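The values are calculated or read from the model by the stated rules, or taken from the named source; none is laboratory data. Since the structure is predicted, the reported quantities are computational estimates derived from the model, not experimental observations. All Cβ positions, glycine included, derive from the backbone under ideal geometry; neighbour counts span all protein chains shown. Each accessible area value is taken on the protein alone, full model and side chains, heavy atoms only, with ligands, DNA and RNA left out. Shrake-Rupley method; radii C 1.70, N 1.55, O 1.52, S 1.80 Å.
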Amino acid sequence: MPKHPTIPTIPTFADAYSYSLDAWQRSILFLDVMRQRGAQYEEHRTQTAPHVLEFEARLVRDGRTLARPVNYALVSIVPPDGVVIDPSKRPFVVVDPRAGHGPGIGGFKADSEIGVAMKAGHPCYFIGFLPDPVPGQTIQDIVLAEAHFLETVIARHPDADGKPCLIGNCQAGWAVMMVAALRPELFGPIIIAGAPLSYWAGVKGQNPMRYSGGLLGGSWLTALTGDLGAGVFDGAWLVQNFENQNPANTLWTKQYNLYSKIDTEAARYLGFERWWGGHVTLNAEEMQFIVDELFVGNKLAAGEIRTSDGTAIDLRNIRSPIVVFCSKGDNITPPQQALGWILDLYDSVDEIRAYGQTIVYTVHETVGHLGIFVSAGVARKEHDEFASNIDFIDVLPPGLYEAVLTPAGNVAEGRDLVSGEWLMRCEARTLDDIRALGGNDIEDERRFAAAAKLSEVNLALYRTYLQPMVKAAATPPVAEAMRNMHPLRLQYALFGPDNPFMAWTSALADLVRENREPADAGNPFIAWQEALSHQIVDGLDAWRRTAEYLSEQSFHAIYGSPTLQAALGIDRNSDQPPRKAEKSLLHQALVEARIAELRAKLADGATCEALARALIFVGMARGGADERGLEAVRRLRRAHPSAKQLTLAEFKAVMREQYFMLLIDEDAALAALPKLLPEAVEQRRAAFTALREVLEASGALTGLAAERLQRVASLFQLESEPPVAINGGKRARTRAAS
C-alpha cells in the first residue's frame, strides 16, 4: 500500500492564505469540469451513432438492413497519416462490449487495440452498436449478424494470408466465442480480453461479484427491471453494478483525483467520462438471456446453450487459436472466470489436442478490468505483441500455452528477429497450471447449482403472479421517466446545461484560469488534504471489504444449506460436478479414424513435411516456441524466391499434421523421416542447414534439444549414401525446404 503523506505541524499564515486561494480556485474549476461533463453527456446522447473511437470510421454494413435486423454495424477504420497497411496481412476486427456503455473503447486512443493492429500493418474493422436495440432482436440475432459481418470482411480481403483475427472485449468476448463455435470456418485467431466465460469460478475471499445473482434471488430481478422499462433494460444499471465494486473510487477517488490535479487532469477525465456516461439500452429478452444462460446459469462453458433450432453451442467446435488475456487485478473478470471454461470442457491437455484446439493465455499481475482495454501500457505491450505475432500464434501446434513476454533488450541471440519491444514466447502448460490460479471445489459447485435452480423457481413465480401487474403499470412514458431519473443519469443532468444555477461557472472559471495561483506542493495544508483523502479511501475500502465478506458468508450459508440443496434436487453425495460438458462418442470415433489416417500417411510427403516433422520433434524438447523461429522461416522464404511458397494456411496445416503424427507414434514417424528426403546429399545438407538455422534463431540448442538435433542429423543421412527409397524406388516430388 502507498505510504500516507507526512503531516507538518507548524503551518504559517501565508500557507493558509495560499492554500485557501488555491482550494477556492480548484473548486470553481472543478464545477466547470462538471458543467462540461454534463454538456458533453447531453451532446453525446443526441447523436444517432455516438462512439468514442479516436479513428475515422466508414460504414461497411448496417445490421438494421439484415434479414434479422439488429442495432449493430460494421465499420472500416481509416488508417491515420503515416500508417501503412499491408493488404496481404489478415484483417483485425475489434468487437466492443455492450454492457451498459457505448462503443469505441477498443479504439479509444492511438495506443489501443485498433491502434497497435494498424501499426503492425493490418487492416482494421470495428463492430459497434447504436444506443437503442431493434425491437425484438435477440442474442442469437446478434450472433448471426456478427457472422455476416465476418463474411463481408473476408470477401473484402481475398488476398489476405489468413482469416480475420477477432478481438472480443469483456461481454463481447463470450459473444465472439459463440459465433466461433457456430461458424468456425470464418475465424482466424481469437483474442478475448477480460471475458467472463465461466462466471461461477473464483477464489474464496476475492471478487464476490459472482455471488450477486444468488443473493438477489436469481434472475427474477432482471425480469422485473426489464418489465419496469416496458421491455427495455436500462444499461445504466449494469454500469452501476460496476461502480458498486469499488465504492472508494466511485464515491471519492475519481472526483478527488480531478480536484487535486485540476490543472492537468480535466481533458483525460472528460475523455473517459464521455465513454463511461454513454449509457445504452438492451431488449429485456437480451438481458434475460445473458443473466439466465451465462451469469446465473453459467451454461456456456458446459455446452448447454442452444440456438432456436436446437444446435448446441459447444466451444470445443472452435478451430482457431484462442488467446485469453486476463489480470489478477481485475475485480470484474478475475483469471478464474476468464480461464475456468478450459477446466469445464477438458480433462487433460491431450483432450485439447484431440479437438485440435490451441489455447494461449497470459495473466497480467495488476491492471484492472478497464485497463485491459484502455491502458496505453497494456496496448504497447500485450496487445502490440498479439498484433505483431498473430501469425506465430496461428501456427502453434494444438495444446495449452502461456504467453511470456520478455524485454527485447534482454535478448542475447536473434535480436534482429524480434519485431517489437518485447519477445513473445509461448510455453507449454498443463491444466494444473490453470488450477494453480485457484477455483471452486465441489461444495462451491453445489452452492452455485442451487442458486441457479432457485433462480428458475423465483423467475417462474414472478412471471406467474407479479409480471402481469408490473407490465400493466409500466407504460412506455412511465418507463422513460424512470430511466431519466436513474441516479447515474441525474448526476450528469444536475450539473448540465439545463441547470440554470450552473450558468455562472464558465465565465468565473475563465477568470480563475487567468489568475490561477496554485499552492506550493510543500504547503502543509496540501499534506493535510492528502491525509484526509487517504483516510476517506481507507474507510470506504474497509466498508467494501466488510460488505464483501458478509455477502460471501451469506451466500455460503444460504446455498450451502443441506435442506435447501435437497429441496432443489442437488445430490450432496455425488462427487461429480453438477455442471460438466458432455463427452461425445462420435467425436471419439472421429479421432480414432483420424489417427488411423495419419498412421497410414507417415511416409507420405517430401522435404517440406520432413523439415516440419524434424522442427517439431526438436522444438518439443524446449517446451515452447517464440516468435524468432517463425521470423527465421519467413526470411528463408524471402531468400529463396524460386522455391514453392506455402501460404500461411498451408504451412499451418503441414505443421499440425506432422505434430499429430509425432504424438501418435513418435518412433514410427521418425523412422519414416528419411523416406521424405531427396536423394541428393547436397539437397539434404541444404535442408538440414535451413532446419538448424530456424531452430537456433531462438538460441543455441542444449540438453535434450541438442540430442534430438543430433538424432535428426543421422536421419538426414548427410554422408554420401542415398536415403531409403520408397514407392518402388521412385521418389515423391520434392518441395522446397521453405
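Given the DSSP H assignment, sum -39500 (n - 2.57) over each helix run of at least 4 residues in the chain and divide by its residue total; what's the result at 222 nm in deg cm²/dmol, nearest 500? Show your work: numbers first, answer last.
Numbers: 30 runs with 348 residues, N = 738.
It lands at -14500 deg cm²/dmol.
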| query | Counting other Cβ atoms within 10 Å of each Cβ, which GluC sites (Glu not before Pro) in the range 331-396 have at most 10 and sit in a DSSP loop? | reply | GLU365
| Residue among LEU532, PHE555, VAL591 farthest towards the positive dipole end of the range 445-593, charges placed on Cβ | VAL591
| query | How big is the charge dipole of the range 1-148 about its Cα centre, in debye rounded to the nearest 20, if each Lys and Arg gets +1 on its Cβ and each Asp and Glu gets -1 on its Cβ? | reply | 260 debye
| request: Note the per residue figure in Å³ for the convex hull of the C-alpha positions in the range 425-522. | output: 369 Å³
| task | Please give the per residue accessible area of the range 501-601, computed with a probe of 1.4 Å over protein heavy atoms only, in Å². | result | 64 Å²
| request: For the chain, build the charge dipole from Cβ charges (+1 Lys, Arg; -1 Asp, Glu) around the Cα centre, then report which of LEU646, TRP276, ALA23 sits farthest towards its positive end. | output: LEU646
| query | Which percent of the accessible area of the range 436-572 is formed by carbon and sulfur heavy atoms (probe 1.4 angstrom)? | reply | 64 percent
| field | Centre separation in Å (Cα based) which lies between the range 497-519 and the range 387-451 | value | 51 Å
| Degrees separating the helix 442-465 axis from the principal Cα axis of the chain, which is the longest one | 50 degrees
| remark: Sorting LEU251, LEU709 on solvent-accessible surface, 1.4 Å probe, most exposed first, gives LEU251, LEU709
| query | Based on Cβ point charges of +1 for Lys and Arg and -1 for Asp and Glu, what charge dipole magnitude is obtained for the chain about its Cα centre, in debye rounded to the nearest 20? | reply | 1280 debye
| If you keep only loop residues by DSSP, which GluC sites (Glu not before Pro) in the range 663-705 have at most 16 other Cβ atoms within 10 Å of their Cβ? | GLU679
| remark: extent check for the range 177-297: Cα max minus min per principal axis, descending, whole Å, gives 51, 40, 37
| query | Can you list, largest first and rounded to whole Å, the semi-axes you get for the range 455-573 by taking the square root of 5 times each eigenvalue of its Cα gyration tensor? | reply | 49, 31, 7
| query | Going by a ≥ b ≥ c, the root eigenvalues of the Cα gyration tensor, does the range 351-438 fall in the rounded group (a/c under 1.5), the prolate group (a/b larger than b/c) or the oblate group? | reply | oblate
| request: List every residue whose amide H lies under 5 Å from the amide H of VAL93, counting only residues 5 or more places away in sequence or on a different chain, with H placed 1.01 Å from N in the peptide plane. | output: TYR125, CYS165, LEU166, ILE167
| note | Listed by chain and number, the residues whose amide H is under 5 Å from that of ILE322, excluding neighbours fewer than 5 places away on the same chain and using placed H, are ILE190, THR358, ILE359, VAL360
| task | Provide the per-residue ³J(HN,Hα) series for the range 627-634, in order, calculated from phi with Karplus coefficients 6.51, -1.76, 1.60 and θ = phi - 60°, each as a whole number of Hz, with x at glycine and proline positions. | result | 5, 5, x, 5, 5, 5, 4, 4
| field | Cβ-based charge dipole, the chain, positive-most Cα from CYS170, VAL324, PRO50 | value | VAL324
| task | Please give the per residue accessible area of the range 1-153, computed with a probe of 1.4 Å over protein heavy atoms only, in Å². | result | 43 Å²
| note | Gyration tensor on Cα atoms of the range 105-185, a ≥ b ≥ c root eigenvalues, a/c under 1.5 rounded, else prolate if a/b beats b/c, else oblate, says oblate
| field | With all protein chains modelled, accessible area of MET118 [1.4 Å, Å²] | value | 0 Å²
| query | Roughly how much of PHE129 is accessible, in Å² to the nearest 10, using a 1.4 Å probe? | reply | 10 Å²
| request: Report, in whole Å, the centroid distance computed from the Cα atoms of the range 239-260 and the range 268-335. | output: 24 Å
| message | Explain nothing, just compute: Karplus ³J(HN,Hα) = 6.51 cos²θ - 1.76 cosθ + 1.60, θ = phi - 60°, for every residue of the range 230-238 in order, whole Hz, x for Gly and Pro. | response | 6, x, 10, 9, 7, x, 4, 5, 5
| query | If only Cα atoms are counted, what is the Rg of the range 391-446, and what is its Dmax, in Å? | reply | 16.5, 53
| note | Quick calc, the range 566-643, dipole around Cα centre from Cβ unit charges on Lys, Arg (+) and Asp, Glu (-), nearest 20 debye, gives 320 debye
| request: Excluding residues on the same chain fewer than 8 positions from LYS163, give the lysines whose Cα lies under 25 Å from its Cα. | output: LYS89, LYS119, LYS381, LYS644, LYS652
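Rounded to two decimals, what is the ratio between the C-alpha radius of gyration of the chain and 2.2 N^0.38 Å?
1.08
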| request: Could you list the square roots of 5 times each eigenvalue of the Cα gyration tensor of the range 182-222, that is, the equivalent ellipsoid semi-axes, sorted largest first and rounded to whole Å? | output: 30, 16, 7
| note | Of all trypsin sites (Lys or Arg not before Pro) in the range 1-91, the ones in DSSP coil with at most 16 other Cβ atoms within 10 Å are LYS3
| request: Output ³J(HN,Hα) for the range 502-514: one whole-Hz value per residue in order, computed from phi by the Karplus curve 6.51 cos²θ - 1.76 cosθ + 1.60 with θ = phi - 60°, and x for Gly and Pro. | output: 9, 5, 7, 5, 5, 5, 5, 5, 4, 5, 5, 4, 5
| message | Can you give me the long-range amide H partners of LYS299? Hydrogens built in the peptide plane at 1.01 Å from N, cutoff under 5 Å, separation of 5 or more residues or another chain. | response | LEU294
| remark: Rounded to the nearest 10, the angle in degrees between the Cα long axis of helix 262-276 and the longest principal axis of the Cα atoms of the chain comes to 70 degrees
| task | May I have the pair-distance distribution P(r) for the range 245-314, computed from all Cα-Cα distances with 10 Å bins from 0 and rounded to whole percent? | result | 16, 28, 20, 20, 14, 3
| Prolate/oblate/rounded label for the range 564-660 (Cα gyration tensor, a/c 1.5) | prolate
| said: If you take every DSSP beta bridge fully contained in the chain, what fraction is antiparallel? Give it as a percent rounded to 5. | reply: 50 percent
